[in-house]
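K.L.:
I am attaching a structure below and will ask some questions about it afterwards.
The values are calculated or read from the model by the stated rules, or taken from the named source; none is laboratory data. Bear in mind the structure is a predicted one, so any value in this text is a computation, not a measurement. Here the Cβ positions follow ideal geometry from the backbone for every residue, glycine too, while neighbour counts run over all protein chains shown. Side chains are part of the model used for accessible areas, which takes the heavy atoms of the whole protein and leaves out ligands, DNA and RNA. Shrake-Rupley method; radii C 1.70, N 1.55, O 1.52, S 1.80 Å.
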Amino acid sequence: MTEPAQPPQTVDQYRAARAAKAAKLRDLGIDPFGQTFATTHSVAQARALCPAMVVGAAEQERPERVVLAGRIGNLRSSGKLTFATLFDRSRGDLHREQALAATPEIEGAEAKKARGIQLFLDFKALGERQWAIVEALDLADWVGVAGRVGRSKRGEISVFVEELTVLGKAMLPPPHQAGADSGELSPETRARQRYLDLMMSDASLGTYMLRSRIVSAVRRFFTDRGFLEVETPILQTLPGGAAARPFTTHHNALDIDLYLRIAPELYLKRLLVGGMERVFEIGRNFRNEGISLRHNPEFTMIEWYQAYADHHEMMRLTEALFGALCDGVLGTRTIRFGEHVIDLSKPWRRFGYHQALKELGGLDYEDRAAVTAKARALGIAPEAHPTYDRLANAVWEAVVEPHLIEPTFITDQPTWLTPLCKTHAGDPSRTLRFEAFIARMEVGNAYTELNDPDLQRQRFREQVAEAEAAEDEDAGVVAGAIDDDYCTALDHGLPACGGQGIGIDRLVMLLAGQTSIRDVILFPTMRPQ
C-alpha cells in the first residue's frame, strides 16, 4: 500500500524549520548571520590546485590548504560524514569555460558539480562543537571553510574541512527545494527577482560577470588612447542629442520641470569647446518609449568625442574596440547570436544609406511610387507619415535591416535625420555619419560633428518646425525650444571632431549571445505586479 502524498510545505513552514536551526546556532554562541571572513582562493582556484588523480590509489595527497567561502548547493548526510557542494561566483567563469569547451549536458548534474567543490565534513576531523554547526546547515546557507584540497576515494575534488564558519543563514529555501519541478525559473521570475536567477543559474551569473568585464575593458580601451572619463548631467533643463521622448520630472526647490537625459552629446561637446579634446562617458540614458527584446527605457551607453577626427576615424575606433573586446574578454572573434555565427575578424562592410536601399532592399529612394507601394505591402500606412522622407525611412528599416547581419557601417544618412552632423561638401542632403549594425541590430551611431554655430541654429529651428508639423512627440523637442547655450558654446569654437555612441546593453547582448535585452540588464523596467 502506497503512502498518501504529503502536502507541500508552505513558505512559513520552511522558514520556521530554518529559524529553529538558527536558534540552535545562537545557543552555541554563534551568530547565524555571520561575521567577517578572509578567503585565500576562489572555488575555481581551489579546484585548479588539486593534483591529478592517481588511478587505483585509495588515498590522494592533499598538499594545499585553502580558505573558501560560498553558498551550499548540495547537502547530504551519512552518519558521521556529511557531503556538501560549495559554490561561489567563480561558477560563472567555470560555466563559460565549459561552454567554450562544448561540454556536453552543460546544465546536467555532473557539469554543475564541476562548477563547485565538494566539502568533506567528517565528525572526527571537526569535533563535537563544529559538528553541531554542520547539523544546523541548510541548502543555500553561506559558509566559510578551511581545509586541504584533495580527492575523495571516488576521485572527486574535495576540501577536507578542518574549520567551518557560518556566514549567512538562508531563511528561505532555494526555489528548486520549495516544490519546483525543475531548477529553472520562469522568464518573469528571473527578471523580477534577479537574485534568484543569479542564485540558480550559472549561465546567468556568467553573463553579468561578462558584462562587468566588458564595461571595464571598454573603459581601458579609451583611457589607454588618451580619452578622459567625465560625467555630465542626467537632469537637464532641455533634452538634446537624440530624437526621443524624454521623461519629465519637477524640481521643487527651483520650481522647474527637468528632463532625464536622452543623450549626453551636447554636454560632452561643450567639454571639447573647453579644451578637453578627448572625452567619454559611460552612463545611463532614459527614453520614454516602448519596451521590447532590444529596448529598455533606462539603458547604458558609452559616448565619446575626439577633437581633430571625423566619422572615418570613428569607424576605425569601432572596429578596434570590437576586436579588443573579443580578444581581451571573449578570447575569440567568432560570436554566436541566435541562429547566426558572426566573424568579427573581417573588415566591416560599408554601404551608403541610398545604396543599401537599392542593393539590399531592391528599391530606389527616388522612385516614390515604388517605395509607397512597398510601404503598403508591408502594412506601413503612407498617410500616417507626414513627409515622404519619414515614410521612406520606415520602409528602409523594414527592407534593409534584415540583411545587416555581418558587421556593417551604413553611411551618408539624409540630413533631416541628423541635425547635429556635418554634410557632404557637394551634397548638403547627405551627412558625414554612419550607423553600425550587427545581427540586424543598430549598435552604434557616429558623426563628423557639426561645429558651425549659425548652421546649427538653423538646423535646430528646422528640426523644431519639422517635429511640430509632424506632431512628433518622440523627436526630443520640448515646447519648441532649442538649446541656445549649446549654440553659444559653439560660438566660442568647437574644433573639427568626430563622436560616437554605442549602447552597452546591446553590445553585451552580442558578445554574450543573449537575444533579449532583459537578460543583460540586472533589473529591467517592468510593470509592477
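K.L.:
Mind checking which residues of the stretch 179-233 are over 30 Å from Glu277 (Cα atoms) and part of a loop (DSSP other than H, G, I, E, B)?
P.N.:
Once the filter is applied, which keeps residues that are over 30 Å from Glu277 (Cα atoms) and part of a loop (DSSP other than H, G, I, E, B), the stretch 179-233 yields Gly179, Ala180, Asp181, Ser182, Gly183, Glu184, Leu185, Ser186, Gln193, Ser201.
K.L.:
Could I ask something else about it? Filter the stretch 226-254 down to residues that are in contact with a strand residue (DSSP E or B) (Cβ under 7 Å, 6 or more places away or on another chain) and open to solvent by less than 40 Å² (accessible area, probe 1.4 Å), then give me how many there are.
P.N.:
6
K.L.:
Does Thr40 count as over 21 Å from Tyr208 (Cα atoms), open to solvent by 70 Å² or more (accessible area, probe 1.4 Å), at pLDDT 95 or above and among the polar types (S, T, N, Q)?
P.N.:
So Thr40 fits the description; yes.
K.L.:
When only residues in the stretch 433-459 that are of a type in the set (A, V, I, L, M) and outside any helix (DSSP H, G or I) count, which is farthest from Tyr308 (Cα to Cα)? Can you show your working first?
P.N.:
Taking the stretch 433-459 first, the residues of a type in the set (A, V, I, L, M) are 436, 438-439, 441, 443, 446, 450, 455.
After this cut, where a residue has to be outside any helix (DSSP H, G or I) as well, the list is 436, 438-439, 441, 443, 446, 450.
Values: Ala436: 21, Ile438: 28, Ala439: 31, Met441: 29, Val443: 24, Ala446: 15, Leu450: 13 Å.
Here the residue is Ala439.
K.L.:
Tyr365 fails exactly one of the following numbered conditions: (1) open to solvent by 30 Å² or more (accessible area, probe 1.4 Å); (2) out of contact with any Asp or Glu (no Cβ under 9 Å at 6 or more places or on another chain); (3) hydroxyl-bearing (Ser, Thr, Tyr). What is the number of that condition?
P.N.:
Condition not satisfied by Tyr365: (1).
K.L.:
Could you grab the pairs with beta carbons closer than 8 Å, sequence gap of 6+ or different chains, first residue in the stretch 499-514 and within 30 Å of Val273 (Cα to Cα), second one open to solvent by 10 Å² or more (accessible area, probe 1.4 Å) and among the hydroxyl-bearing types (Ser, Thr, Tyr)?
P.N.:
From residues that are within 30 Å of Val273 (Cα to Cα), the pairs are Gly499/Tyr447; Gln500/Tyr447; Gly503/Thr300; Ile504/Thr300; Asp505/Thr300.
K.L.:
Restricting attention to the stretch 255-288, report how many residues are among the hydrophobic types (A, V, I, L, M, F, W, C), surrounded by fewer than 19 Cβ atoms within 10 Å (Cβ to Cβ) and without any contact (Cβ under 8 Å) to a residue 40 or more places away in the chain.
P.N.:
Looking only at that region, the number is 1.
K.L.:
Where in the stretch 303-380 are the helices (runs of 4 or more DSSP H), entirely inside, with at least 2 residues that are in contact with a strand residue (DSSP E or B) (Cβ under 6 Å, 6 or more places away or on another chain), at negative phi and touching a residue at least 60 places away in the same chain (Cβ under 8 Å)? Before you say what the answer is, go through the steps one by one.
P.N.:
Numbers: elements: 311-325, 353-359, 368-377.
Because the criterion is at least 2 residues that are in contact with a strand residue (DSSP E or B) (Cβ under 6 Å, 6 or more places away or on another chain), at negative phi and touching a residue at least 60 places away in the same chain (Cβ under 8 Å), the helices (runs of 4 or more DSSP H) in the stretch 303-380 that meet it are 311-325.
K.L.:
Name the residue that is most open to solvent (accessible area, probe 1.4 Å), counting only residues in the stretch 427-449 that are over 14 Å from Ile502 (Cβ atoms) and among the aliphatic types (A, V, I, L, M).
P.N.:
Among those that are over 14 Å from Ile502 (Cβ atoms) and among the aliphatic types (A, V, I, L, M), it is Leu432.
K.L.:
Another question, then. From the list Ala140, Ala84, exactly one residue is part of a loop (DSSP other than H, G, I, E, B), within 20 Å of Leu25 (Cβ to Cβ) and open to solvent by less than 20 Å² (accessible area, probe 1.4 Å). Which is it?
P.N.:
Values: Ala84 fails: part of a loop (DSSP other than H, G, I, E, B).
After ruling out the rest, the residue left standing is Ala140.
K.L.:
Out of the stretch 325-339, which residues are surrounded by 14 or more Cβ atoms within 10 Å (Cβ to Cβ) and touching an Asp or Glu at 6+ places or on another chain (Cβ under 9 Å)?
P.N.:
Listed by number, the residues that qualify are Arg333, Ile335.
K.L.:
Name the pairs: first residue in the stretch 167-187 and within 24 Å of Leu25 (Cβ to Cβ), second residue aliphatic (A, V, I, L, M) and modelled with pLDDT under 90, Cβ to Cβ under 6 Å, at least 6 apart or on different chains?
P.N.:
Every condition considered, no pair remains.
K.L.:
I want to confirm something. Restricting to the stretch 456-498 and keeping residues that are of a type in the set (A, V, I, L, M) and modelled with pLDDT of 95 or more, which single residue is most open to solvent (accessible area, probe 1.4 Å)?
P.N.:
Out of the qualifying residues, it is Ala496.
K.L.:
Name the residues in the stretch 200-214 that are open to solvent by 30 Å² or more (accessible area, probe 1.4 Å), in contact with a helix residue (DSSP H, G or I) (Cβ under 8 Å, 6 or more places away or on another chain) and closer than 17 Å to Asp327 by Cα, would you?
P.N.:
Hits for the stretch 200-214 are Arg211, Arg213.
K.L.:
Out of the stretch 276-302, which residues are assigned to a loop (DSSP other than H, G, I, E, B), closer than 12 Å to Ala244 by Cβ and of a type outside the set (Asp, Glu)?
P.N.:
Within the stretch 276-302, Arg287, Asn288, Gly290, Pro297 qualify.
K.L.:
Going through the stretch 80-109 one residue at a time, which ones are more than 12 Å from Val134 (Cβ to Cβ) and either β-branched (Val, Ile, Thr) or out of contact with any helix residue (DSSP H, G or I) (no Cβ under 7 Å at 6 or more places or on another chain) (or both)?
P.N.:
Start the filter on the stretch 80-109 by keeping residues that are more than 12 Å from Val134 (Cβ to Cβ), which leaves 85-109.
Selection gives Thr85, Glu97, Ala99, Leu100, Ala101, Ala102, Thr103, Pro104, Ile106, Glu107, Gly108, Ala109.
K.L.:
Is there any pair with a first residue in the stretch 105-116 that is within 11 Å of Val43 (Cβ to Cβ) and a second that is among the β-branched types (Val, Ile, Thr) whose Cβ atoms are under 9 Å apart and which are 6 or more apart or on different chains, and what are they?
P.N.:
Ala114/Thr103; Ala114/Ile157; Arg115/Val43; Gly116/Val43; Gly116/Thr85
K.L.:
What's the number of the condition Leu420 fails, among (1) touching a Leu at 6+ places or on another chain (Cβ under 6 Å); (2) over 30 Å from Leu494 (Cα atoms); (3) open to solvent by less than 50 Å² (accessible area, probe 1.4 Å)?
P.N.:
All conditions are met except number (2).
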